Amino acid sequence: MEIELLTGILLLCILISFAIGTPVGLALGGIAMIVGYATWGEGIFSILPSSFESILFSFILLAIPLYIYMGQLLTRSGIGDAMFNASQIIIGRVPGSLAISVVGVCSMIGAMVGIIGAGIMTSGSIALKPMLERGYDRRLALGVIMAGGGLGILIPPSVPMIMFAASTQNSVGKMFIAALVPATITIFMLVTYIVISCKINPKKAPMGTGIEATMSPQEKFRTLRDGLMSVLLIVLVLGSIISGIATPTESGAIGIVGAVLLAFFFKRFRWGLFKSAGLETAMLVSVAMWIILGATLFSNFHLMMGIQDMIAGFTEDLGLPPLGVVIMMQLVMLLLGFIIDEFIIVLMCAPLFTPIVVDLGFDPIWFGILMILNIEIAVQTPPYGFALFYLKGIAPPDVTMLDIYKSVTPFILIKLAVLIFCLLFPDAVMWLPNKIMG
């Protein structure tokens, strides 16, 4: 069967499956197996062992349960609340102050995790409850969690960045530095949007509704102390990665130990904490792992059928100017983000597109940052971005997918504006790494 026809059949089956409410992981994996069996016969089942092995024995994916467990420990011990209370005290009476602190804190958590799914689910475990309890608009609360948690792959250390650098033989350090300016611009624009939207509609973010509004000076001091200790835990985890002491997965274990020690220090530890946090972590990880497994089966089948050759041939036959080819690549990756996760996009597109980009005269580090920005947008874009289903997994039961679509739309547009800016002005991305590393 022609790869073009096969791709169309796969996409049509996905649309139908999602429309009738089939679970994401089951839909992706089942479609791959059914269509594969119809085209290949029993040979399609040969991809099952390797796919299962790549998921179950992945050292990188081990970070997901570790960081979610750390988030659950912080949440259930009350330390996560202290972190957000402290940040709101520091920010003061600014419209949307808690949402602003969520963007900052969730960005740090997402960076600590380095994986979009775990970043969003960990951030949501900590941040969603405090915002809803303070009467924040549900769509704003969900949107800032998606924006902050997803931003983690753009803030070093980032697992997709490491994978890009490894697969294209480029400098990881230079890529980390190149991401700092786009990340700073993105955070600034997100905060600006929150302040303006909450100023226009104050009902989105009621002011003075949190416990910090009635705190005594002594209580505020204790809250700031507790919040500072929580932030120091995140700095410790990030520092262990940046300094090379630990891998992202090993730093997750450090974070768990640190969360337990903080619970002891703040006299909030109880033995039932392990059980309740563990059960919730198991449920959240189960959702994530089934999605990853289904996506891996789907992606492996599509790769074996020759999707890379189809994309390469299509791109070369367009006859576009150099920048037009790069834009076309961005569109391809954006579409891929609807059906596969960030790891597969990097592993599939980085070795395929980067040599073409270099031949066209562009810097591979610049293109790598564009790819990370694009992936961050793609996996969060309605209707079938993968991160949307991670967010649905931690949202209250009465939140519909339409609510999630509406909540993430303005934040997606902001990140799209940053991508376009970096695409049109490469020097904004490369100035800092060139200055520091040459």
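Would you mind stating whether Ala141 is hydrophobic (A, V, I, L, M, F, W, C), farther than 29 Å from Tyr405 by Cβ and either open to solvent by 10 Å² or more (accessible area, probe 1.4 Å) or part of a helix (DSSP H, G or I) (or both)?
On the way: hydrophobic (A, V, I, L, M, F, W, C): yes; farther than 29 Å from Tyr405 by Cβ: no; either open to solvent by 10 Å² or more (accessible area, probe 1.4 Å) or part of a helix (DSSP H, G or I) (or both): yes.
No: the conditions fail for Ala141.
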Practice problem: Could you name every one of the helices (runs of 4 or more DSSP H) located completely within the range 40-120 that has at least 2 residues being open to solvent by less than 10 Å² (accessible area, probe 1.4 Å), at pLDDT below 70 and farther than 26 Å from Trp271 by Cα? | Solution: 97-113
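State yes or no: is Glu376 among the charged types (D, E, K, R), crowded, with 18+ Cβ neighbours inside 10 Å and closer than 23 Å to Ile194 by Cβ?
Yes; evaluated as a whole, the condition is true for this residue.
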Quiz item: Tally time: how many residues in the range 206-225 are surrounded by 13 or more Cβ atoms within 10 Å (Cβ to Cβ) and at pLDDT below 75?
Solution: 6
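Return the residues of the range 343-360 that are touching a helix residue (DSSP H, G or I) at 6+ places or on another chain (Cβ under 6 Å) and open to solvent by 10 Å² or more (accessible area, probe 1.4 Å); say none if nothing qualifies. First the steps, then the outcome.
Pass one, the range 343-360, residues touching a helix residue (DSSP H, G or I) at 6+ places or on another chain (Cβ under 6 Å): 344-346, 349-354, 357-358, 360.
Of everything in the range 343-360, those that are touching a helix residue (DSSP H, G or I) at 6+ places or on another chain (Cβ under 6 Å) and open to solvent by 10 Å² or more (accessible area, probe 1.4 Å) turn out to be Ile344, Pro351, Leu352, Val358, Leu360.
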Exercise. Return the pairs, sorted by first residue and then second, in which the second residue is in a loop (DSSP other than H, G, I, E, B), the first residue lies in the range 327-339 and is without any contact (Cβ under 8 Å) to a residue 40 or more places away in the chain, the beta carbons are less than 8 Å apart, and the residues are 6+ apart or on different chains.
Key: Met328/Leu318; Met328/Leu320
Practice problem: Evaluate the range 160-178: report whether one residue or more is closer than 30 Å to Thr354 by Cα, outside any helix (DSSP H, G or I), aliphatic (A, V, I, L, M) and open to solvent by 10 Å² or more (accessible area, probe 1.4 Å). | Solution: no
Self-check item: Condition broken by Asp403, with the remaining ones in (1) modelled with pLDDT of 80 or more; (2) open to solvent by 50 Å² or more (accessible area, probe 1.4 Å); (3) acidic (Asp, Glu) satisfied
Solution: (2)
Quiz item: Mind checking whether some residue in the range 240-249 is over 20 Å from the mean Cα position of the chain (by Cα), in a helix (DSSP H, G or I) and farther than 23 Å from Ile91 by Cβ?
Solution: yes
Self-check item: Search result, residues across the range 279-323 that are of a type in the set (A, V, I, L, M), farther than 22 Å from Phe386 by Cα and modelled with pLDDT of 80 or more
Solution: Leu279, Leu323
Exercise. Look at Met328 and say whether it is at pLDDT 80 or above and aliphatic (A, V, I, L, M).
Key: yes
Quiz item: With (1) touching a helix residue (DSSP H, G or I) at 6+ places or on another chain (Cβ under 6 Å); (2) more than 14 Å from Phe301 (Cα to Cα); (3) open to solvent by 20 Å² or more (accessible area, probe 1.4 Å) as the list, and Ile16 as the residue in question, which single condition is left unmet?
Solution: (1)
Quiz item: On the given criteria, is Ser197 of a type outside the set (A, V, I, L, M) and farther than 25 Å from Pro65 by Cβ?
Solution: yes
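The values are calculated or read from the model by the stated rules, or taken from the named source; none is laboratory data. Just so it is clear, the model here is predicted, and its values are computed rather than measured. Note: ideal-geometry Cβ built from the backbone for every residue, glycine included; neighbour counts use all protein chains shown. Protein only, heavy atoms only, side chains kept; ligands, DNA and RNA dropped before computing areas. Shrake-Rupley method; radii C 1.70, N 1.55, O 1.52, S 1.80 Å.
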